[in-house]
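Here's the structure, in structure tokens; my notes come after.
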Amino acid sequence: MILIFPETLTLIVMAYLSLFLLALSIIFLTISLSGFSLVQAEKISFTSELIHRDSPNSPFFNASETYATRLAKAVQRSADRASQLSSLLSNSITAAEFSAAIVNGDFLMRISIGRPPTELLVNVATGSDLVWIPCLSLRSCTQNCNLRFFDSTKSSTYENVPCDSYRCRITTGTACQISNCVLSCNSRYPESCPDGNVAMDTLTLNSTTGQAFMFPNTGFVCGNLIAGDYPGIGMLGLGRGSLSLLSRINHLIDGKFAHCIVPYSSEQTSKIRFGEKAAVSGNGMFSTPLITNRGLQSYNLNIYGMSVGNESVVTGGYGSYDYLNGLGIDSGTMFTSFPNFIYSEIESRVRYAMQQEPLNQDPTRRLRLCYRYTPEFNPPIIRMFLQGGIVELSGYNSFIRMGEDTICLAFAISDSDHDAVLGYWQMTNFLIGYDLDESYLSFKKTDCTKY
């Protein structure tokens, strides 16, 4: 017979209780970690607002300016951006300079960065590859200090990326500064060169339903630029670069996003959708493949020609649109631009179709073909022939009212002989869906005020 003293019994019970509690803790920890993994791996789908720089919802809206003045400034901004894009595409600047130099666009989104979160406005554009956040801690604020900046020293989740990290090695244009990875673009556009530390922090995107989506460890450039057209406004690039937003969330949205741009004068906001909700379907939709065999990092499509009215397809002075590197997509540029030999033929066909004496010049001195506007103005239909379908432009997409009695052809001349860019004026009231996993874009005419 074994005698167990009360003290020994107590020790045995306590030992078993400790083992039980330890096992219970492991079970709960396993369940918690499994739940966390499921949340992280779960696909997401949501819609966010795109605020036009000239709308009353924008901090840059100037109520004292006339509509014509705002529009003239928008045309100038577009021309500047198109010039920078052409410089990149013609290889006269490097890819690193491109990622940094193209920071200004016409559409803004509200995001948050860090923990606790700091709310900011950022430019959103498909023609930019960079997530860049203006960081107050790197430079004292001397102008436009009423705008919000990110103080990285106050975020508990902020981390500088070290020089020897994989993220630093895959980011074009980086250099080492002590032990930190920095972006040093050395751009020929120094006023719009958002250099700074390559960093990681929690990025939060808001949805139209009020739900917020947090993305920890998102790579971005914590920059010190407080200058340019949009002082203190960052960039949320939707391109294919290693520091674009899509490089972080692509696996969560199945490689899908779509945007629907409302007319310039609309009081509604444009929308951008990510994930399953971004799929484009229904009558009138067609898909066209992205060019993937020329080493292009931007979104480029095969374009075979244009037509004006009942005229045959415009093929350009060189006989074929194969002379182009494709049609690039940039939601930050206002007007579609073509090399001069293609633009001139389009303009010639429009002049012939209009049979109306054009004006000498538009008020902005940026658009070459303008007419006196009357309610009876009836422009020819312009079509763009892409691989897989035809984009038929409305009169709004093809022309722009620059004044009470002035209307102009809404196309521009590229600075490059080989590159064309599709701007947002021609994308207005089209639902354009991007499927990066399958490498194609979809087009569908849509009333974007109801999207």
### Query
If we scan the range 216-232, do we find a residue that is under 18 Å from LYS43 (Cα atoms), open to solvent by 10 Å² or more (accessible area, probe 1.4 Å) and at pLDDT 90 or above?
yes
#### Entry: Candidate set from the range 32-53 (those that are hydrophobic (A, V, I, L, M, F, W, C) and in a helix (DSSP H, G or I)); member that is modelled with the highest pLDDT
ALA41
### Message
Out of PHE385, PHE443, I need the residue that is touching a residue at least 24 places away in the same chain (Cβ under 8 Å), crowded, with 22+ Cβ neighbours inside 10 Å and assigned to a strand (DSSP E or B). Which one?
### Response
PHE443
### Message
With the requirement that a residue be touching a Ser or Thr at 6+ places or on another chain (Cβ under 6 Å) and touching a residue at least 60 places away in the same chain (Cβ under 8 Å), what does the range 347-382 give you?
### Response
ILE382
### Close pairs (7 angstrom Cβ cut-off, 6 or more residues apart or separate chains): farther than 17 Å from SER207 by Cα in the range 257-269, of a type in the set (A, V, I, L, M) and in a loop (DSSP other than H, G, I, E, B) anywhere
none
#### Entry: Residue satisfying all of: in the range 146-168; farther than 12 Å from GLY219 by Cβ and surrounded by fewer than 13 Cβ atoms within 10 Å (Cβ to Cβ); modelled with the highest pLDDT among these
SER156
### strands (runs of 3 or more DSSP E) fully within the range 232-301 counting 3 or more residues that are closer than 25 Å to ARG81 by Cα
234-237, 256-260, 270-274
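The values are calculated or read from the model by the stated rules, or taken from the named source; none is laboratory data. These numbers were taken from a predicted model, which means no experiment stands behind them. Every residue, glycine as well, gets a Cβ built from its backbone with ideal geometry; the counts of neighbours run over all protein chains shown. Note: areas computed on protein heavy atoms with side chains; ligands, DNA, RNA excluded. Shrake-Rupley method; radii C 1.70, N 1.55, O 1.52, S 1.80 Å.
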